[in-house]
Amino acid sequence: MITLAHVSDVHIDGSERNAARTRQVVEYLAALPGQIDAVLVSGDLTQIGRPVDYAELREILAPLEVPVLCCPGNHDERGAFRAGMLGIEGSGPINQAHEIADASILLCDSLIPGSDAGRLGPETLSWLDAALTGSDEPAFVVLHHPPVAVGIPELDAIRLQDADDLAAVLTRHPRVAGILCGHVHASVASTFAGIPVRVAPGVKSTTTLPWEHTGDPTNLDLPVGLAFHHHENDVLTTHFRSL
């Protein structure tokens, strides 16, 4: 059994607005009377990848007493992310494996520098294949860009580019219990390669559907949201929460 809180797209940029919306989520999670196992932040931690913004986000996240696991999104910068959020140096994709509550949390880097679209690429796919090998415990694959179309043209045009290659890896590993993403700024549930896909709502804003707007799909006024994922007896249940 594992329970994960899932937050995405906080876009810390030096503005009080985005910081305040992120604090609202953190304060809600920190005040929960019951226990969760970890908090996931699935990319776009900052707007332009400045070191100062990662430092601000670390301060905002500090009240959380459970592990906080983050992967980069298209607005992040690998070097500043690696130094600011993980306290390490290095180059190349930022892929991370964590074992929590008898489950594997595998965070994959889908960032293409200079592009809003995503790609895992051979290095990350090989890493993921190896990380999924050798255990029967449930595994959750976390990445910023969804591998499926979500029905929002602006986001579908910049989703994961090598989804077929990801599917080829995942179908070799039946222990994958869910694919957890961000990027869309909307609560979405779908399936990919027979696996549940869950997309967390955006903290900065909400992307509305084509029939909900007549111009810009971005809505800055809708409430902040997050998701709770609960996995038990081989069943993944997700609750979306608006604050």
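Rolling a 1.4 Å probe over the protein heavy atoms leaves ILE12 with an accessible area of roughly 0 Å². Rolled with a 1.4 Å probe across the full set of protein chains, the surface gives HIS98 an accessible area near 60 Å².
What the Cβ-Cβ distance of ALA117 and ALA20 gives, at R0 = 30 Å and to the nearest 0.05, is a FRET efficiency of 0.50. Carbon-plus-sulfur fraction of the accessible area of the chain, 1.4 Å probe, in percent? Carbon and sulfur atoms account for 51 percent of the accessible area of the chain.
Using only alpha carbon positions, build the gyration tensor of the stretch 75-192, then give the equivalent ellipsoid semi-axes as the square roots of 5 times its eigenvalues, largest first, whole angstrom.
Three semi-axes, in Å: 21, 20, 13.
Per-residue 3J(HN,Hα) values for the stretch 96-101, derived from phi via the Karplus relation 6.51 cos²θ - 1.76 cosθ + 1.60 with θ = phi - 60°, read 9, 10, 10, 10, 9, 6 Hz in sequence order (x marks Gly and Pro). In this rough spin-label picture, where each label sits 7 Å from Cα along the Cβ direction, the SER126-THR237 distance is 4.2 nm. Per residue, the chain exposes 43 Å² of accessible surface when a 1.4 Å probe is rolled over the protein heavy atoms with every protein chain present.
Given a 1.4 Å probe and the protein chains as shown, GLU27 ends up with an accessible area of around 120 Å².
Where Lys and Arg each count +1 and Asp and Glu each count -1, what net charge lies around PHE192 among other residues with Cβ under 12 Å from its Cβ? Intermediate values should be presented prior to the final figure.
Values: positive: ARG159, ARG198; negative: ASP164.
The answer is +1.
Suppose the chain between ALA167 and GLU65 were pulled fully straight at 0.36 nm per residue; how much longer would it get relative to their current alpha carbon spacing?
Details: separation 102, 0.36 × 102 = 36.72 nm, distance 3.44 nm.
Computed gain between ALA167 and GLU65 is 33.3 nm.
Using only the Cα atoms of the chain, build the gyration tensor, take square roots of its eigenvalues as a ≥ b ≥ c, and label the shape rounded, prolate or oblate: rounded if a/c is under 1.5, else prolate if a/b is larger than b/c, else oblate. Rounded is the answer for the chain, as its axis ratio a/c remains below 1.5.
Give, as a single signed number, the net charge of other residues whose beta carbon lies under 14 Å from the beta carbon of PRO51, with Lys and Arg counted +1 and Asp and Glu -1.
Working: positive: ARG50, ARG58, ARG78, ARG82; negative: ASP13, ASP53, GLU56, GLU59, ASP76, GLU77, GLU89.
Result for the local shell: -3.
Taking amide H positions as modeled 1.01 Å from N, with prolines and chain starts lacking one, the residues under 5 Å from THR218 and 5 or more places away or on another chain are THR208.
The values are calculated or read from the model by the stated rules, or taken from the named source; none is laboratory data. Keep in mind the model is a prediction, meaning the values are calculated, not measured. Because the Cβ atoms are built from the backbone with ideal geometry, glycine has one as well, and the counts that use them run over all protein chains shown. Accessible surface is based on the protein model in full, side chains and every heavy atom, while ligands, DNA and RNA are left aside. Shrake-Rupley method; radii C 1.70, N 1.55, O 1.52, S 1.80 Å.
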